Amino acid sequence: MERANALDTGSYALIEVVGPSLAGALIGLAGPAATLFVIAVLYLLAAGSLTPILRVAQTPTARLSKPVVDAAVAGLTYIARHPTLRGLAICYSVYQLSWGVLVVVVPVAVTRALGSTTNADTMVGALWSVCGLAGGLGALIAGQVLSIGRERQMLGFSIAGMPVATYPLASSFGLFGLVAGLIIMGFLEGPADVALLTLRQRRTEPEWLGRVLTVSMSLNVTGLPLGSLIGGSLITHSLSRPSRNQTGFRTRSALGRANLFWFSDGQWARIEPFIPSNRRGVKPKNNRRILSGIMHVLKSGCRWVDCPPEYGPAKTVYNRFNRWSAQGIWQSIFEAAAEPAEPPERMALDSTHVKAHRCAGGGKGGASEQAIGITKGGRNSKIHGLVDKLCRPWVLILTPGNTADCTVGPACVSLLDGIAELLGDKAYDSNSFRKSLRKDGIKPVIPGRSNRKKRIRHDKQAYKDRNVIERCYSRLKDFRRIATRYDKLARNYFSALCLVAAVAFWL
């Protein structure tokens with residue numbers, strides 16, 4: 001009997017291997033809709049496999065002498081009065097309850113480690129596959145070593161080993177600990193199932209076996225959805241509280257934090273070629289997750305040390321931003337993204353002030369060296385930019401806040417070829433600037449100052465399109481570390497500006 005149960009449990013575990021691996025691969029390659037379609041087809045095939053059974057010559061069947069409800073109550077009463085069956089029902093129901101919690105926790109933990117990517121979906125399917133394979137192996141081994149009278153020891157040993165695999169192994173060693181814990185739990189599940197089935201069948205009287213199995217399975221199955229409900233509630237509750245656990249998988253998850261920034265597959269495909277990969281020393285890992293963390297800090301305006309743990313260690317996030325800022329990586333990403341396919345004919349030129357926070361002071365070389373100037377509004381930096389009709393920035397320059405716009409205008413225009421018409425406000429009304437524009441074949445659409453003795457005409461209809469640069473700056477300042485400058489180094493602030501401009505407008 002125990003070998004038959006072992007073979008049955010082992011075959012079921014092998015099916016558990018194929019199912020999750022197939023689901024993970026299909027979701028990663030074709031998406032949820034195609035996966036659900038395949039599941040529906042498999043259900044139809046399962047129903048069709050019953051055709052030979054239905055064609056067998058029908059034999060008279062005895063009708064139930066009692067209603068179904070009465071039979072179920074009688075079976076439940078029988079289990080309640082039988083010490084062994086009662087203990088097995090309680091034990092296995094709680095056991096299934098724990099598996100229900102695990103069904104919710106595993107996808108959350110994997111997404112926490114890998115982010116919301118296709119790799120995370122595939123990884124979840126692979127983990128359950130490995131767990132099922134280990135369960136099949138454990139069931140086959142249990143069928144060979146289990147003998148009559150040793151079921152209780154086998155069941156107790158298997159279930160007692162699962163807490164060790166769950167905590168601290170799976171919770172304290174990151175993704176590798178979770179893999180190892182699931183393998184051990186899957187292997188222990190096989191002997192537990194074999195011992196349970198064998199002991200229950202051996203301790204049940206033959207005439208009661210059908211009703212006992214029905215009631216027992218009903219009690220066991222209810223544990224799984226209840227466990228999933230408890231697991232989901234615990235995770236939801238934990239997301240509203242900062243976790244004190246600083247190792248392994250924290251209870252906070254990217255699934256429950258919709259405000260986290262993650263690069264899409266399309267964005268990452270364009271940005272990845274510019275990430276340095278042939279440098280000496282240790283190769284950087286998890287670039288997509290780290291860069292998503294950098295963008296989250298720039299967007300939310302939080303301190304680097306407060307970067308959410310979903311992106312990895314906060315120190316790693318900052319160090320990679322600072323190191324690649326010194327190497328000019330972020331500027332190169334912006335320049336490559338904004339490289340014109342065709343030179344734009346009409347561009348808008350303007351600047352915007354950025355308030356320098358108290359912590360932005362103290363940079364090497366003094367305030368002016370770090371592009372901070374004193375104005376009526378206090379300590380400021382100034383962003384100068386050239387923007388096309390789609391509000392996309394093509395040129396960005398950072399100067400101290402007290403720098404006159406007309407002195408930076410020629411430098412902005414010189415960085416971009418092919419401009420036919422330039423829109424600017426009165427701050428760019430300078431005879432020398434107008435002369436240099438006409439010399440380069442650029443038509444200035446700049447109104448004259450009110451104190452000019454000779455009125456200057458300009459194309460008022462074209463000037464109405466100058467609002468594109470105001471809209472561009474508004475979008476850039478949606479990122480709070482761009483709207484307010486917290487960086488001491490002008491290099492780091494300008495790098496953040498280039499990265500945000502590339503992501504917000506070009507990727």
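The values are calculated or read from the model by the stated rules, or taken from the named source; none is laboratory data. None of the values given here were measured: they were computed from a predicted structure. Because the Cβ atoms are built from the backbone with ideal geometry, glycine has one as well, and the counts that use them run over all protein chains shown. Areas reflect the complete protein model, heavy atoms only, side chains present, ligands, DNA and RNA absent. Shrake-Rupley method; radii C 1.70, N 1.55, O 1.52, S 1.80 Å.
Got at least one residue in the range 324-347 being part of a strand (DSSP E or B), of a type outside the set (D, E, K, R) and either closer than 14 Å to residue 492 by Cα or open to solvent by less than 20 Å² (accessible area, probe 1.4 Å) (or both)? Yes - at least one qualifying residue is present in the range 324-347. For residue 349, the conditions (1) within 23 Å of residue 303 (Cβ to Cβ); (2) touching a Cys at 6+ places or on another chain (Cβ under 7 Å); (3) not polar (S, T, N, Q) are fulfilled apart from (1). Among the residues that make up the range 482-497, is at least one of them open to solvent by less than 60 Å² (accessible area, probe 1.4 Å), closer than 30 Å to residue 333 by Cα, in contact with a Phe, Trp or Tyr (Cβ under 7 Å, 6 or more places away or on another chain) and part of a loop (DSSP other than H, G, I, E, B)? Yes, the conditions are met somewhere in the range 482-497. Residues in the range 411-425 that are surrounded by 16 or more Cβ atoms within 10 Å (Cβ to Cβ) and not aliphatic (A, V, I, L, M): 412, 421, 424, 425. The number of residues in the range 189-206 being in a helix (DSSP H, G or I) and either acidic (Asp, Glu) or open to solvent by 20 Å² or more (accessible area, probe 1.4 Å) (or both) comes to 6. Could you tell me whether residue 475 is closer than 20 Å to residue 391 by Cβ and open to solvent by 20 Å² or more (accessible area, probe 1.4 Å)? Answer is yes for this residue. Does residue 317 satisfy the condition of being of a type in the set (Val, Ile, Thr), open to solvent by less than 20 Å² (accessible area, probe 1.4 Å) and not in a helix (DSSP H, G or I)? For residue 317, the condition - of a type in the set (Val, Ile, Thr), open to solvent by less than 20 Å² (accessible area, probe 1.4 Å) and not in a helix (DSSP H, G or I) - is not met.
You will find that of 381, 436, the residue that is buried (at least 21 other Cβ atoms within 10 Å of the Cβ) and touching a residue at least 12 places away in the same chain (Cβ under 8 Å) is 381 and no other. For residue 386, the test of being modelled with pLDDT of 90 or more and under 15 Å from residue 501 (Cα atoms) is passed. Among the residues examined, residue 228 does not qualify as in a loop (DSSP other than H, G, I, E, B), modelled with pLDDT under 70 and open to solvent by less than 70 Å² (accessible area, probe 1.4 Å). Among all positions in the range 151-162, there is at least one residue which is among the charged types (D, E, K, R) and at pLDDT 70 or above.
Scanning the range 450-481 for residues that are assigned to a helix (DSSP H, G or I) and among the polar types (S, T, N, Q), we see that the one that is farthest from the chain's Cα centre (by Cα) is 461. Take the conditions (1) in a loop (DSSP other than H, G, I, E, B); (2) in contact with a Phe, Trp or Tyr (Cβ under 7 Å, 6 or more places away or on another chain); (3) not basic (Lys, Arg); residue 386 misses just one of them, which is (1). The C-beta contact set for the range 448-459 (first residue within 12 Å of residue 426 (Cα to Cα), second residue of a type in the set (Val, Ile, Thr), distance under 8 angstrom, 6+ apart or interchain) comprises 448/456; 456/446; 458/445; 458/446. Is there a residue in the range 384-392 that is open to solvent by 30 Å² or more (accessible area, probe 1.4 Å), on the phi < 0 side of the Ramachandran plot and of a type in the set (Val, Ile, Thr)? No, there is no match, as no residue in the range 384-392 is open to solvent by 30 Å² or more (accessible area, probe 1.4 Å), on the phi < 0 side of the Ramachandran plot and of a type in the set (Val, Ile, Thr). Which of the residues belonging to the range 249-286 are exposed (fewer than 13 other Cβ atoms within 10 Å of the Cβ) and at pLDDT 80 or above? Those that are exposed (fewer than 13 other Cβ atoms within 10 Å of the Cβ) and at pLDDT 80 or above: 264, 265, 266, 269, 273.
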